[in-house]
1. Could you give the semi-axes, largest first, of the ellipsoid that matches the chain, computed as the square roots of 5 times the alpha carbon gyration tensor eigenvalues and rounded to whole Å?
2. Note the full-extension length gain between R92 and Y32 as 0.36 nm times their separation in residues minus their Cα-Cα distance, in nm to one decimal.
3. Could you calculate the contour length gain from Q48 to T10, that is, 0.36 nm times the residue separation minus the distance between their Cα atoms, to one decimal place in nm?
4. Lys and Arg at +1, Asp and Glu at -1: add these up for the other residues within a Cβ distance under 10 Å of R44 and post the number.
5. For the range 137-190 and the range 58-98, what is the centre-to-centre distance using only Cα atoms, to the nearest Å?
6. Using 0.36 nm times the number of residues separating K101 and E130, minus their current alpha carbon distance, what extension gain do you get?
7. Go ahead and collect, in residue order, the members of the range 67-96 whose backbone nitrogen is under 14 Å from a label point 7 Å along the Cα-Cβ direction of R20.
8. For K79, K180, give the ranking by accessible area with the largest first, probe 1.4 Å.
Amino acid sequence: MWRKMPRSRTREEELIERIRNNEQRAMSELYYMYANALTSVCYRYLLQEEDVKDVLQESFVSIFTTIGKFRPQHEQSLKSWMVRIVINRSIRFLRERNRLKFVEQDDILLNNTTDEEPDASEITDDELYELICELPDGYRTVLNLYVFEGCTHRQIAEMLSINERTSSSQLYHAKRLLSKRITEFIKKKQ
């Protein structure tokens, strides 16, 4: 009779258990494993370094205090769970500072803009990031949630307390404005 061998615990599972036992060294290990990735996520939503530091600190406090409720579903689920906490904290921060405003349409900014996508291969990732950062907070937040986090408009609407049509509209206008700015940036470079 074959017995199923017990699955060995992963490094993350051991780390989680140590954190649940309030081991400070384990908390430091988790922090250093994920601080850079979570900081990058935070910077997609918040532009000021001090704001990012504040939200990241709040996020880690939340991670350490609620990790007892975390149950791994699949590989990478710990990172996904922590990213979700950082996103939620970032959105809360924008809301609390009344910076999460949704623009229905800005005809002045979008005037003479076509739906054609520019050749973004002519700009670097850093240049594209800077152009995304210039978008209004509402546009940028929906664009990040849809493009980088893979959220549906329904999920975005729930997260931001807006309706799905507003989410869809924000994404549409964000793409148009970003396309316009990319085109202008490329022309300036030439």
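1. Numbers: eigenvalues 280, 64, 58 Å².
Output for the chain: semi-axes of 37, 18, 17 Å.
2. Values: separation 60, 0.36 × 60 = 21.60 nm, distance 2.43 nm.
This chain segment gains 19.2 nm when fully extended.
3. On the way: separation 38, 0.36 × 38 = 13.68 nm, distance 3.60 nm.
Here the segment from Q48 to T10 would lengthen by 10.1 nm.
4. Details: positive: R140; negative: E149.
Residues close to R44 contribute a combined charge of 0.
5. Comparing the Cα centres of the range 137-190 and the range 58-98, I get a distance of 22 Å.
6. Values: separation 29, 0.36 × 29 = 10.44 nm, distance 1.99 nm.
Length gained, K101 through E130: 8.4 nm.
7. Under 14 Å, as judged by backbone N against the label point of R20, lie 67-73 of the range 67-96.
8. Numbers: K79 70, K180 50 Å².
From most exposed to least exposed: K79, K180.
The values are calculated or read from the model by the stated rules, or taken from the named source; none is laboratory data. Values in this document were obtained by computation on a predicted structure and should not be read as measured data. Cβ coordinates were reconstructed from backbone atoms using ideal geometry, including for glycine residues, and neighbour counts include every protein chain displayed. Side chains are part of the model used for accessible areas, which takes the heavy atoms of the whole protein and leaves out ligands, DNA and RNA. Shrake-Rupley method; radii C 1.70, N 1.55, O 1.52, S 1.80 Å.
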